[in-house]
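The values are calculated or read from the model by the stated rules, or taken from the named source; none is laboratory data. Just so you know, these numbers come straight off a predicted model, no measurement behind them. Please note: Cβ atoms are built from the backbone with ideal geometry, for glycine as well, and neighbour counts cover all protein chains shown.
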Amino acid sequence: YDYFVPSSMAAEVAWLTGAEGPATLVSAGCTSGIDAVGYACELIREGTVDAVITGGSDAPIAPITVACFDAIKATSPRNDDPEHASRPFDRTRNGFVLGEGAAVLVLEDLETARRRGARVRAEITGFASRGNAYHMTGLRPDGREMAAAITAALNESRLPPAAVDYVNAHGTATRQNDRHETAAIKRSLGAHAHRVPISSIKSVIGHSLGAVGSIEVAASVLAIEHGIVPPTANLCDPDPELDLDYVPLTAREHRVDVALTVGSGFGGFQSAMVLTRAEAA
């Protein structure tokens with residue numbers, strides 16, 4: 001039934017929680033998770049609601065899904081070594097590993113949350129989404145659309161590129177994505193792109209498609225909260241064409257006041273979100 005009426009999933013959550021405000025489902029491919037969080041934030045900012053339950057969940061591991069991604073050579077063929085198969089930004093990368101998962105966040109108006117004594121983990125200060133109007137699965141190598149989303153999110157945050165302390169990359173380990181994303185980060189952050197740590201948690205948890213954007217938002221919040229940047233696993237042989245700091249192999253202690261997380265999806269969707277330490281916001 002959920003396949004025929006996808007919005008029923010949002011309705012189930014509303015019934016369980018007694019939420020009587022807007023209930024909707026976002027379906028935008030691999031940016032669905034980050035877009036759901038971004039749109040929820042906009043509901044709060046426009047004054048429609050004071051709090052929102054938002055996030056993403058996906059369980060794509062099924063024969064038909066695997067066959068489709070294998071057919072377009074998006075997934076890694078390293079079936080005999082799955083632990084090391086996902087290699088974002090590595091010279092030997094050859095596709096992603098499917099994963100499953102979910103992340104759900106409670107967003108609330110900042111002043112309302114503080115008045116009731118809530119633990120505020122971070123603040124979403126900027127969100128933007130762009131489309132490339134170019135190709136269903138292809139990406140322009142110059143990264144202009146993702147760069148435009150990043151710039152718009154930073155502008156909404158009223159922060160310069162140099163304020164970004166960590167970038168949670170889309171980092172799928174496909175040949176074209178990692179080139180496209182590196183170009184987009186350079187295009188939007190300028191010289192600061194070579195100074196800021198960047199990593200892909202898909203190297204550890206796989207690519208859960210519609211869920212992964214919200215999982216990466218949660219990972220960015222945890223990076224702010226704990227001052228630890230997650231690593232890009234399996235990055236043993238850096239691609240010489242990809243020359244930024246991708247935090248290879250080992251997590252890094254690093255104070256993060258401003259985190260940028262980005263997503264890219266089939267259909268040309270590109271999204272970016274800026275999160276800041278609450279007391280610094």
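Details
- Candidate set: the stretch 235-281, residues that are crowded, with 23+ Cβ neighbours inside 10 Å and of a type in the set (S, T, N, Q); chosen: the one nearest to Ala74 (Cα to Cα): Ser264
- Residues of the stretch 52-70 satisfying the condition of being buried (at least 17 other Cβ atoms within 10 Å of the Cβ) and hydroxyl-bearing (Ser, Thr, Tyr): Thr54, Ser57
- The stretch 131-161, subset in contact with a Leu (Cβ under 8 Å, 6 or more places away or on another chain) and hydrophobic (A, V, I, L, M, F, W, C), residue nearest to Asp239 (Cα to Cα): Ile150
- Filtered residues of the stretch 173-196 (kept if within 14 Å of Thr261 (Cβ to Cβ) and either surrounded by fewer than 21 Cβ atoms within 10 Å (Cβ to Cβ) or of a type in the set (Val, Ile, Thr) (or both)): Ile185, Val196
- In the stretch 79-102, the residues that are farther than 14 Å from Lys202 by Cα and in contact (Cβ under 8 Å) with a residue 12 or more places away in the chain: Arg91, Thr92
- Listed by position, the helices (runs of 4 or more DSSP H) inside the stretch 1-103 whose residues that are at pLDDT 95 or above and farther than 21 Å from Gly267 by Cα number at least 2 are 32-45.
- Pick from the stretch 107-123, criterion surrounded by 17 or more Cβ atoms within 10 Å (Cβ to Cβ) and of a type in the set (A, V, I, L, M), ranking: farthest from Thr48 (Cα to Cα): Ala122
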